Amino acid sequence: MPSAAPTKSAARLGAKIRLLRRQEGLSQVQLAEALGISPSYLNLIEGNKRPLTAPLLIRLAQQFKLDLKTLAPEEDQRLSDDLMEVFGDPLFEPLGLQAQDVRELVQNSPDLARGVFELYRAFQHAQDSLDNLSAKLSDGQGFDPEATRLPSEEVGDFIQQAMNHFPELESTAEAFWTSAALDFDHLYPALVATFETRGIKVRIHSISEGPGLLRSFDLERRNLSLSELLPQRSRAFQLAHQLALLEHSELLDRLTSHSLLRTAASRSLARVALANYFASAVLMPYEPFLRAVKTERYDIDILARRFQASFEQVCHRLTTLRRPGAEGVPFHFLRIDIAGNISKSFSASGIRFARFSGACPRWNAHAAFLTPGLIRTQLSEMPDGRKYFCIARTLQKDTGGYRGQHAMQAVGLGCEMGHAKELIYADGVRLDQPPVPVGVTCRLCERTDCEQRAFPPLQQAFKIEENLRRTSFYARIEGS
């Protein structure tokens with residue numbers, strides 16, 4: 001009887017196994033012997049002609065001390081999506097590449113695919129370097145090429161790969177709760193006392209002492225200063241953040257010694273991000289927070305008041321609930337400014353965000369600026385047919401008095417439609433109504449009837465008809 005054809009998931013693994021074997025310097029004979037199979041069968045697996053069974057997958061993980069997440073099809077899909085955006089650049093238009101070409105590249109040569117992506121990212125940085133160089137030379141200034149590198153991109157990739165869940169930081173925060181005998185009603189005083197027992201004085205400084213300065217730690221003088229502008233919940237957060245830097249520096253160093261973090265600036269920024277993670281885990285301990293989340297059905301305002309956190313901090317914390325066996329809804333999260341710049345993003349829902357171009361204007365996070373302070377809901381559908389339930393709200397950062405700038409941003413939080421009923425925000429919303437068609441970015445979206453389209457989609461033929469004016473300027477040629 002002929003064997004069953006391998007599934008698409010299994011077909012993706014052949015090239016990965018071959019790559020792992022070569023990285024370890026093993027021949028097919030050597031690896032086959034270690035796995036207890038014949039070299040010919042291993043050859044068929046590497047050629048995607050035989051499926052990889054569960055027992056073999058376990059043996060492979062043991063052989064290579066492998067985290068099975070590295071073999072997950074989602075990783076391939078994310079890389080494929082990133083490359084599709086890369087090839088959406090008009091630079092590649094003459095090549096006529098199709099989505100299947102990109103998928104085959106990722107499946108058969110994942111390292112080569114990553115190399116193409118990194119090369120394009122370097123190209124983008126080089127373009128920025130030229131622009132900065134031209135501007136600085138015209139002003140008679142010096143120029144540092146490293147200044148054009150964006151540590152935030154590397155840190156974003158690092159957090160995304162970890163699915164924004166760091167078990168060691170969770171357990172460290174839980175251990176601190178026990179050792180310091182913390183309680184929710186007196187969290188800030190207890191944190192102040194924690195520093196005082198370590199010989200560190202906590203003081204509140206006026207805005208005149210340090211304009212724009214929210215936290216300052218002087219190790220030599222053993223002095224930690226917090227701004228009077230910070231509400232008490234933010235003061236507690238800053239104290240927990242500083243505690244992570246002070247007492248868990250070795251753990252932060254170990255976690256940030258990661259191949260995705262290539263520069264000192266990236267590792268420093270990652271340390272700050274992980275210290276923020278620890279602070280959130282102190283303010284919102286995993287198990288009590290998850291229980292409250294389930295009970296209150298993700299009501300962010302109630303959670304913020306109960307755990308003395310901000311709206312944004314609760315949104316961040318909701319994305320970290322990935323503990324096996326005690327998971328929350330897998331959310332995606334983004335934060336944008338009024339110009340549409342995405343300053344933070346993470347996705348556990350499967351949705352993806354543009355890396356090199358503007359975000360879709362139909363996302364409700366943009367519309368949130370029209371109704372400051374109010375939560376907006378949206379049912380949305382991506383071009384691949386996946387549907388999402390999303391909420392968005394503006395945030396206003398108070399960084400001073402009357403003369404201070406009050407910067408406004410918006411945060412968006414969303415999940416796949418199947419999880420919508422778990423959220424209180426879906427109450428009264430008809431989940432079967434037609435969703436809003438949204439995309440990642442114009443070049444990757446094939447919807448030609450969008451009134452807000454700014455660029456033509458990739459790999460579709462267009463023509464300009466002078467005597468016709470349509471809803472969309474980018475009209476598809478009939479029959480193409």
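Okay, here's what the table says:
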| quantity | calculated |
| --- | --- |
| Lone qualifier among Leu83, Leu13, Leu60 - being hydrophobic (A, V, I, L, M, F, W, C), at pLDDT below 75 and either surrounded by 16 or more Cβ atoms within 10 Å (Cβ to Cβ) or closer than 21 Å to Phe158 by Cα (or both) | Leu13 |
| Pairs, first among the charged types (D, E, K, R) in segment 326-341, second in a loop (DSSP other than H, G, I, E, B) and surrounded by 12 or more Cβ atoms within 10 Å (Cβ to Cβ), C-beta under 8 Å, six or more apart | Glu327/Leu321 |
| Selection count, segment 223-238, where residues are assigned to a helix (DSSP H, G or I) and either among the basic types (Lys, Arg) or in contact with a Lys or Arg (Cβ under 9 Å, 6 or more places away or on another chain) (or both) | 3 |
| Residue in segment 388-407 that is farther than 30 Å from Gly212 by Cβ and surrounded by fewer than 16 Cβ atoms within 10 Å (Cβ to Cβ) present | no |
| Test for Arg323: is it in contact (Cβ under 8 Å) with a residue 24 or more places away in the chain and over 19 Å from the mean Cα position of the chain (by Cα) | no |
| Any hit, segment 313-325, residues being buried (at least 18 other Cβ atoms within 10 Å of the Cβ) and small (Gly, Ala, Ser) | no |
| Selected residue (only one of Gly385, Gly350, Gly373, Gly325 is within 19 Å of Asp82 (Cβ to Cβ) and not hydrophobic (A, V, I, L, M, F, W, C)) | Gly350 |
| Only one of Ala265, Ala275 that is buried (at least 17 other Cβ atoms within 10 Å of the Cβ), modelled with pLDDT under 95 and outside the structural domain of Gln124 (by TED's automatic domain parsing) | Ala265 |
| Hits in segment 337-349 (condition: surrounded by 19 or more Cβ atoms within 10 Å (Cβ to Cβ) and hydroxyl-bearing (Ser, Thr, Tyr)) | Ser345, Ser347, Ser349 |
| Residue check, Phe217 at negative phi, without any contact (Cβ under 8 Å) to a residue 60 or more places away in the chain and assigned to a strand (DSSP E or B) | yes |
| Scan of segment 22-61 for residues that are among the small types (Gly, Ala, Ser), more than 36 Å from the chain's Cα centre (by Cα) and not in a helix (DSSP H, G or I), ordered by number | Ser27, Gly36, Ser38 |
| For Leu318: the one exception among (1) farther than 17 Å from Ala420 by Cβ; (2) of a type in the set (A, V, I, L, M); (3) under 16 Å from the mean Cα position of the chain (by Cα) | (1) |
| Considering residues of segment 350-374 that are small (Gly, Ala, Ser) and modelled with pLDDT under 90 only, the residue surrounded by the most Cβ atoms within 10 Å (Cβ to Cβ) | Ala359 |
| Candidates Leu224, Leu243, Leu230, Leu260, filtered to the one that is surrounded by 14 or more Cβ atoms within 10 Å (Cβ to Cβ), within 21 Å of Glu153 (Cα to Cα) and assigned by TED's automatic domain parsing to the domain that holds Ser179 | Leu260 |
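The values are calculated or read from the model by the stated rules, or taken from the named source; none is laboratory data. The structure displayed is predicted, hence computed values, not measured ones. When we count neighbours, we look across all protein chains shown, and the Cβ atoms used for this are built from the backbone with ideal geometry, even at glycine.
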